[in-house]
């Protein structure tokens with residue numbers, strides 16, 4: 001099971017970025033996203049709406065204490081300051097894995113408590129881009145299919161098609 | 001040369017997402033971003049500030065007519081409705097390439113005029129995530145180093161270090 005933790009959500013400023021984090025987490029195979037910061041019903045609803053339409057079981061949960069989540073899991077914190085992710089990918093398990101993304105200000109404890117602090121490039125980071133590339137490597141570009149989706153897009157060279 | 005076109009930027013709503021698109025484009029090896037929609041000085045300034053600090057030559061330019069840009073280039077439009085990108089990656093050239101990302105509403109012409117309409121998963125898309133994964137495959141996970149940066153992060157397992 002792959003889960004994602006999004007730190008420090010702010011309703012006004014982060015709604016779209018947090019939603020992109022969720023879309024990425026879901027499409028590349030995570031089953032749940034936790035988030036800290038401000039509880040945001042409208043954000044939760046848009047995430048649930050997407051799973052409702054496009055299938056799969058993807059959950060979202062607001063939490064206040066992230067430390068309990070870390071227990072007994074391999075925790076990968078994605079940060080532009082981290083080790084080169086390409087060097088450790090073969091050590092990262094696909095099960096019992098928590099992937100953590102910031103948030104503007106990430107507490108020092110997160111660096112200390114994580115099993116790995118990993119950078120997807122050591123350049124100013126998009127947490128959305130970093131999560132996407134990390135997960136793509138993790139699942140070796142094998143993506144879930146969501147066959148139960150009410151809406152199912154059929155890949156098309158020149159238009160919009162559906163199954 | 002790899003360039004990116006971001007369609008339909010809206011100052012209020014898109015600033016952060018557009019900035020993430022830029023961060024991704026720059027870190028994975030694009031040299032320039034064009035954008036349509038509202039001209040946004042503060043967005044341009046933040047992109048220029050990042051290149052100024054972290055190195056490399058990454059340009060940003062607002063344009064009004066994207067059609068001229070398409071001429072003589074291989075154009076890859078990333079869309080959740082597109083063909084599976086994994087199947088055509090070996091046909092995509094690293095030179096004279098324009099990668100296009102939306103925008104809420106992408107004009108039909110973009111689908112028609114693009115050389116490829118490609119989906120990174122056919123699930124609801126993050127243009128940031130899709131661009132990151134597409135570019136990562138394109139450059140085969142070999143990222144530019146930006147040795148001229150005033151600020152240069154040194155990869156670190158447990159903290160924040162600099163060269």
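What follows is calculated from the coordinates using simple rules that are stated; it is not laboratory data. Keep in mind the model is a prediction, meaning the values are calculated, not measured. Cβ placement follows ideal geometry from the backbone for every residue including glycine, while neighbour counts extend to all protein chains displayed.
Can you give me the angle between helix A:41-54 and the longest principal axis of chain A, using Cα atoms only, in degrees from 0 to 90, rounded to the nearest 10? Around 50 degrees separate the two axes. The three principal axes of the Cα atoms in the stretch B:101-163 give end-to-end lengths of 47, 24, 22 Å, sorted in falling order.
Taking every DSSP bridge with both residues inside the protein assembly as shown, close to 10 percent are antiparallel. Taking the Cα-to-Cβ direction at residue B:109 and at residue A:49 and moving 7 Å from each Cα, how far apart do the two end points lie in nm? So the label points at residue B:109 and residue A:49 sit 3.0 nm apart. Rounded to the nearest 10 degrees, the angle from helix A:11-27 to the longest Cα principal axis of chain A is 70 degrees. With the label put 7 angstrom out from Cα along the Cα-to-Cβ vector, residue A:64 ends up 5.4 nm from the copy partners, going from closest to farthest. In this simple spin-label approximation, residue A:158 and residue A:15 carry label points 7 Å from Cα along the Cα→Cβ vector, and these lie 3.9 nm apart. Rg and Dmax of the protein assembly as shown, based on Cα coordinates, read 18.7, 55 Å. Of the residues B:71, B:41, B:91, the one that moves most in a GNM of chain B with alpha-carbon contacts below 10 Å is B:91. Distances between copies at residue B:93, taken between label points 7 Å from Cα along the C-beta direction, are 4.8 nm in increasing order. Look at the stretch A:129-139: the mean tally of other chain Cβ atoms within 10 Å of its residues' Cβ atoms is 6.
Counting 0.36 nm for each residue step from residue A:71 to residue A:139 and taking away their Cα separation leaves a gain of 22.2 nm. What separates the residue A:53 label point from its copies, with the point 7 Å along Cα to Cβ, is 3.6 nm, written shortest first. Against chain A, whose longest principal axis comes from its Cα atoms, helix A:127-138 is set at around 80 degrees. Taking a quarter of the surface of the Cα convex hull of chain B, what do you get in nm²? So the mean shadow area of the Cα hull is 10.1 nm².
Indicate, rounded to the nearest 5 percent, the antiparallel portion of the DSSP beta bridges found entirely in chain B.
10
Shape call for the stretch B:68-115 from the C-alpha gyration tensor, a ≥ b ≥ c root eigenvalues: rounded (a/c under 1.5), prolate (a/b greater than b/c) or oblate? Verdict is oblate for the stretch B:68-115.
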